[in-house]
Each structure stands twice: as structure tokens, then as C-alpha cells.
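*Asks:* Please read through the structure below; I'll follow up with questions.
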Amino acid sequence: MLFVPRSCGFSHSLGRRRSILYRAEIGSTGWGKPTLARRAFNAANAPNRTSARGAIFASPILISQSAIFEMIANSLFGRETPLMLSYRNVLCAFGVTALLLTITITSTELRAGELVQFDAVSTDAGSLRLLGYLARPRGPGAGPFPGVVILHHCAGFDDLVVSWADRLSSWGYVALAVDSFGPRGVPRNCTTRTYQAVDSSSAVNFLARQEFVDSSRSALLGFSQGGMAVLRNAEQDSTFAKSHSDTFRAAVAFYPDCAGISGIMSVPTLVLVGDLDDWTPAKACQAMAEGRGDIGLSREKGDRSMVSLVVYPGVYHSFNAPILRSLTPGVRFMGHWLEYNADAENNSIEKVREFFRSKLQP
């Protein structure tokens, strides 16, 4: 039975699914007592599960992704609950979803992926093993395939990045959704330092070692904070772009903070944002794409033809976050309005599909 602690400000039993019992005690800093999922995670470190390519959890536990998130949303935001709740509760729900990173996630609509571990390129405090959700095309004699690294938003790893990994695998890509916060014990409260720019290199290097990945064709895709990391890595003078100049082919950023980004990119870069986004404003991305100066920033002259900007009218931040689908019309968090938009999500999916097809396929 999933259990949300009182430290989140509420205590709800979220039920049981497919006769599999899960019990998690998740606070603001991580796990409480050992759980089934934690024991599954520990099993991933067993010697017989590890190779030079990195640890892959070979005996996944299956769980219904859509069912768990439906239970979370219904429990936290039922009809008896005012719709205009603090998004703090949503962040606690995101904290609960950290459970899903320590098991393999599937649903009737999505494909099964694998839990993987790989070494971080560098950290502030010695060696570190990162976690990720790996989804790849299946079939005899298939591959190798282009690789796409997915970077989460400031609330951490959740079903948004997992669903995108599965979607990309169905399109013919190997996708790795990286958890930059969990292994470091970083709070998912949108106020802490991000490590995603450097984690991108770790993830790309891991994918390059897999025999089913075409290491000459890689891309980055990120959301909000992760989207900003994508933009920084895509800049022409970035360490990432220079160190992966022979393999880095494309970048996609959903509603990123474009302030401070030059717009002079090393690879084709697709940016998707809503014009009513009051957290990462579309105007900043328009200024970046056009090379105009912004508040406290003077942009140098240069070629910005690599940037493709899509601005959705009447659309807010996090317009494709699955957890927002059941919150009508939306929710306010840290002074910003978040709202799901089905039309924008569907259009953005097609935009990304065509973009990757043109940039990553032979």
C-alpha cells in the first residue's frame, strides 16, 4: 500500500493494484524504512546484474504507471478538495513518484523499460552512480538506434519523462530518462542547484557503450529546468557541445528559461513554450531566437538559424505534465500558474517527432 507521510501535510492510503503491495515512507529528503522497491533497487547492484556497460535491472517488477498516478491525483485532489490548492501537494505527489524510479514502469499504453545505473562524469563529493529509466525499440535484428537523453523538471523524475522515454522508443530511438536528484538526495522543491548539464554527458557516454545504440547520433530533450540545461549544452561554446561534437545532433527544450542563453547553437534546437507562461516567459525565448538583448543581458551578434521556436497561444507552463490533467483549470505554485493543455501537448508531440526524424534518422 502506498502511503504519503504527514510531512507532506496529508496522509492518504493510495490503495493496492494487481495484488502487488508497495509501502513507501518518503519524506522531503528521501526514503524511510527499507521497502520492496528499495530492495529491488539494491538488487540492481548485485554482482550478477552488473557489467562493464553499467547495471541493468534484469528482472523488473511491473506496475501500472497510469493507475498509480491516477490514484495519487484522485487521493490528493478529490471532488471534496478545492481545486486551487497549493502546488506543494503536487510536489509531494512527485516525491511519491520517486518510488517508480526504483522499479520498472509500464502501463497498457506504454512499453516496459529498464532501470539502469551509470557513473556520473564528475560530482562535488566523490564517485556517484546515477539512476535512469531506459526504453528502447524491441525486435530481432533491430538497431543500432539513435540515443536521446531526457532531463526532468525542477520537481524531479516523474511520469512525464518516463512516458516520453517510452514514446521515443516507439519511434525508433533509445531513450534514457535521468534522475539527477534522487541519487544525490536533492529536494524536489524547485529551489536547489541542478546537476543536469553535467549529467547529460554521463548519460550520453553510457548510451554510447550500448551495442544497440548508434553512438554517432545523439540528442537531448528536457523540460523546464531540464530544458534550460539542454539549451546550455546546445550552445556553441559549451563544454558538452565541444566534447560531443561528432555525435551531438539535436536538442529539444520544453518551456525552458531562455534568459542568459545566447541562441548561438551548435546543433538544431527546438524550443516549445506557451505565450502565457509566467515562469519561463516566451518573450525571453523570442529575444534569444532573435538575438535581442534582455534584462541585464547583451547578446552578441551571431548565427541563430539553428533555433526553431514554437509559441503556443493561450498556453501556460507545464502544459504537458500528466499530473495536471486532472486539475481543472490548473494550479498555482510559487506564484506561477501551471495548466495542462491537450492541444498543445498533441501538437508538440508531432513537432518533436518530425524534428527528430529530420535530424537523427539516416
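Laboratory data are not the source of any read-out in this text; all were calculated from the coordinates shown. Everything numeric here is computed off the predicted structure, so don't read it as measured data. Don't worry about glycine lacking a Cβ; one is built from the backbone with ideal geometry, like all the others, and counts go over all protein chains shown.
*Asks:* Could you go through the range 273-282 in sequence order and give the Karplus-derived ³J(HN,Hα) for each residue, using 6.51 cos²θ - 1.76 cosθ + 1.60 with θ = phi - 60°, rounded to whole Hz, and x for Gly and Pro?
*Replies:* Coupling constants for the range 273-282: 8, x, 6, 9, 5, 9, 9, 10, x, 4 Hz.
*Asks:* Order by neighbour count: Tyr340, Tyr173, fewest other Cβ atoms within 10 Å first, most last.
*Replies:* With the fewest neighbours first, Tyr340, Tyr173 line up as Tyr340, Tyr173.
*Asks:* Work out from phi, with θ = phi - 60° and the Karplus expression 6.51 cos²θ - 1.76 cosθ + 1.60, the ³J(HN,Hα) of each residue of the range 209-218, listed in order in whole Hz, and give x for Gly and Pro.
*Replies:* The phi angles translate into 8, 8, 5, 8, 10, 7, 5, 8, 9, 10 Hz.
*Asks:* On to the next question. Counting only residues 5 or more places away or on other chains, whose amide H sits under 5 Å from the amide H of Cys154 once H atoms are built in the peptide plane?
*Replies:* Close amide H contacts, sequence-distant or interchain: Gln225, Gly226.
*Asks:* Separation between the Glu354 and Ala342 pseudo-spin-labels, each 7 Å from Cα along Cα→Cβ, expressed in nm?
*Replies:* Placing both labels 7 Å beyond Cα along the Cβ direction yields 2.2 nm.
*Asks:* Count neighbours as other Cβ atoms within 10 Å of each site's Cβ, and list the GluC sites (Glu not before Pro) in the range 191-295 that are DSSP loop with at most 12 such neighbours.
*Replies:* Passing both the DSSP loop test and the Cβ count: Glu211.
*Asks:* Let me ask you something else. Tell me, what are the semi-axes, in whole angstrom and largest first, of the equivalent ellipsoid of the range 250-297 as set by the roots of 5 times the Cα gyration tensor eigenvalues?
*Replies:* Result for the range 250-297: semi-axes of 16, 14, 7 Å.
*Asks:* Using 0.36 nm times the number of residues separating Ser298 and Ala142, minus their current alpha carbon distance, what extension gain do you get?
*Replies:* Gain on extension, Ser298 to Ala142, equals 51.4 nm.
*Asks:* For Ser224, Ser245, what's the fewest-to-most ordering of other Cβ within 10 Å of each Cβ?
*Replies:* Ser245, Ser224
*Asks:* If you don't mind, another one. Report the equivalent ellipsoid semi-axes for the range 184-263 in whole Å, largest first, defined as the square roots of five times the eigenvalues of the gyration tensor built from alpha carbon atoms.
*Replies:* Equivalent-ellipsoid dimensions as semi-axes: 22, 16, 10 Å.
*Asks:* List, in order, the whole-Hz ³J(HN,Hα) value for each residue of the range 157-163 obtained from phi through the Karplus relation with A = 6.51, B = -1.76, C = 1.60 and θ = phi - 60°; use x for Gly and Pro.
*Replies:* Whole-Hz 3J(HN,Hα) from phi for the range 157-163: 5, 7, 6, 5, 6, 5, 5.
*Asks:* Rounded to the nearest 0.05, what FRET efficiency is calculated for Thr328 and Asp246 with R0 set to 35 Å and r the Cβ-Cβ distance?
*Replies:* FRET efficiency, Thr328 to Asp246: 0.15.
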